[in-house]
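The values are calculated or read from the model by the stated rules, or taken from the named source; none is laboratory data. What you see is a predicted model; the values in this text were computed from it and never measured. In this analysis, Cβ positions are derived from the backbone assuming ideal geometry, glycine residues included, and neighbour counts consider all displayed protein chains.
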Amino acid sequence: MALTPSNMLPLGTEAPSFNLLNSVSNQTNSLQEVKGAKATVVMFICNHCPYVKHLNEGIADLANTYQAKGVGFVAISSNDVVNYPDDHPDQLKAQAEEFGFDFAYLYDENQEVAKLYDAACTPDFYVFDEALKLAYRGQFDDSRPGNGKAVTGKDIRKAIDALLAGEKVEDKQVPSIGCNIKWKKG
């Protein structure tokens, strides 16, 4: 496992469009279908990464808290499933069901969407405003496997709360850190 930080896409970047297979419904979903009226959270996660496993319950709680407030959520897995079969869409579906993910969990088979978002790690979080302009990218919070800090989502919650209140999200943002995205070879 290579410990990798976020690339920190420039704030204000417009959310790249996508149309990907939903591992739960077996339908395709676009950005327009999953976006929220007030904000949209795009998460690059997977099934096998210990950093994602550490946050699974917190991610579900975050979505459960904010979806009713007009925030859209979408998870995307872009890992190479040939070399990392735990991240196959069937396994993503099992993960979504186990943790009660009530949002689209998409599979980026050709890894194009991860490249468009400049995603580097799992988990990698992006929060877009109602106009789909990037307002936050960075860590969920400062909890990591084994560091003894509680999973609260304080960093991402602070950003979402600011958007919902019509306030500017603080520019000082800490990169997420986790396993590198498992890029296909060749």
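Name the residue that is nearest to Cys49 (Cα to Cα), counting only residues in the range 145-168 that are in contact (Cβ under 8 Å) with a residue 40 or more places away in the chain and crowded, with 19+ Cβ neighbours inside 10 Å.
Step one: filter the range 145-168 for residues in contact (Cβ under 8 Å) with a residue 40 or more places away in the chain, giving 145, 151-153, 156-157, 160, 163-164.
Cutting the leftovers down to crowded, with 19+ Cβ neighbours inside 10 Å gives us 153, 156, 160, 163.
Working: Gly153: 18, Ile156: 20, Ile160: 25, Leu163: 29 Å.
Among them, the one singled out is Gly153.
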(request) Scan the range 22-46 residue by residue and report those that are within 18 Å of Phe101 (Cα to Cα) and surrounded by fewer than 18 Cβ atoms within 10 Å (Cβ to Cβ). (result) Ser25, Asn26, Gln27, Thr28, Ser30, Glu33
(request) Select, from Leu20, Leu62, Leu106, the only residue that is more than 30 Å from Glu170 (Cα to Cα) and at pLDDT 95 or above. (result) Leu20
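The rows are residues; the columns are (1) in a strand (DSSP E or B); (2) among the aliphatic types (A, V, I, L, M); (3) touching a helix residue (DSSP H, G or I) at 6+ places or on another chain (Cβ under 6 Å); (4) at pLDDT 95 or above.
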{"position": "Ala131", "(1), (2), (3), (4)": "no, yes, no, yes"}
{"position": "Leu134", "(1), (2), (3), (4)": "yes, yes, no, yes"}
{"position": "Arg137", "(1), (2), (3), (4)": "yes, no, no, yes"}
{"position": "Ala150", "(1), (2), (3), (4)": "no, yes, no, yes"}
{"position": "Ala159", "(1), (2), (3), (4)": "no, yes, no, yes"}
(request) Looking for whichever is part of a helix (DSSP H, G or I), of a type in the set (D, E, K, R) and either surrounded by fewer than 18 Cβ atoms within 10 Å (Cβ to Cβ) or within 13 Å of the chain's Cα centre (by Cα) (or both) here; the options are Asp80, Asp90, Asp118, Asp142. Which one fits? (result) Asp90
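Test of understanding: among Gly58, Gly146, Gly72, Gly100, which residue is over 23 Å from Ser23 (Cα atoms) and not β-branched (Val, Ile, Thr)? Let's see the steps before the verdict.
Values: Gly58 fails: over 23 Å from Ser23 (Cα atoms); Gly72 fails: over 23 Å from Ser23 (Cα atoms); Gly100 fails: over 23 Å from Ser23 (Cα atoms).
Only one candidate qualifies: Gly146.
Being surrounded by 15 or more Cβ atoms within 10 Å (Cβ to Cβ) and touching a residue at least 24 places away in the same chain (Cβ under 8 Å) narrows it down to one residue among Leu3, Leu11, Leu55; which is it? Spell out how you get there, then give the answer.
Numbers: Leu3 fails: surrounded by 15 or more Cβ atoms within 10 Å (Cβ to Cβ); Leu11 fails: surrounded by 15 or more Cβ atoms within 10 Å (Cβ to Cβ).
Exactly one of Leu3, Leu11, Leu55 is surrounded by 15 or more Cβ atoms within 10 Å (Cβ to Cβ) and touching a residue at least 24 places away in the same chain (Cβ under 8 Å), namely Leu55.
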(request) Identify the residue in the range 169-186 that is farther than 17 Å from Ala39 by Cα and without any contact (Cβ under 8 Å) to a residue 40 or more places away in the chain and, among all such residues, is surrounded by the most Cβ atoms within 10 Å (Cβ to Cβ). (result) Val174
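For Asp108, indicate whether it is of a type in the set (D, E, K, R) and surrounded by 21 or more Cβ atoms within 10 Å (Cβ to Cβ). Break it down stepwise before answering.
On the way: of a type in the set (D, E, K, R): yes; surrounded by 21 or more Cβ atoms within 10 Å (Cβ to Cβ): yes.
Taking the combined requirement at face value, the residue satisfies it.
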(request) Enumerate the pairs (first residue in the range 77-93 and in contact (Cβ under 8 Å) with a residue 24 or more places away in the chain; second residue anywhere and charged (D, E, K, R) and in a loop (DSSP other than H, G, I, E, B)) with beta-carbon separation below 7 Å, excluding pairs fewer than 6 apart on the same chain, so at least 6 apart or on different chains. (result) Ser77/Asp108; Ser78/Asp108; Asn79/Lys182; Asp80/Lys182; Asp80/Lys184; Asn83/Lys182; Tyr84/Lys182
(request) Report, by residue number, each residue of the range 60-73 that is touching a strand residue (DSSP E or B) at 6+ places or on another chain (Cβ under 7 Å) and closer than 23 Å to Pro145 by Cα. (result) Ala63
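One line per residue, one yes/no per condition, for (1) among the small types (Gly, Ala, Ser); (2) out of contact with any Gly (no Cβ under 7 Å at 6 or more places or on another chain); (3) assigned to a helix (DSSP H, G or I):
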position	(1), (2), (3)
Val42	no, yes, no
Lys53	no, yes, yes
Leu62	no, no, yes
Gln67	no, yes, yes
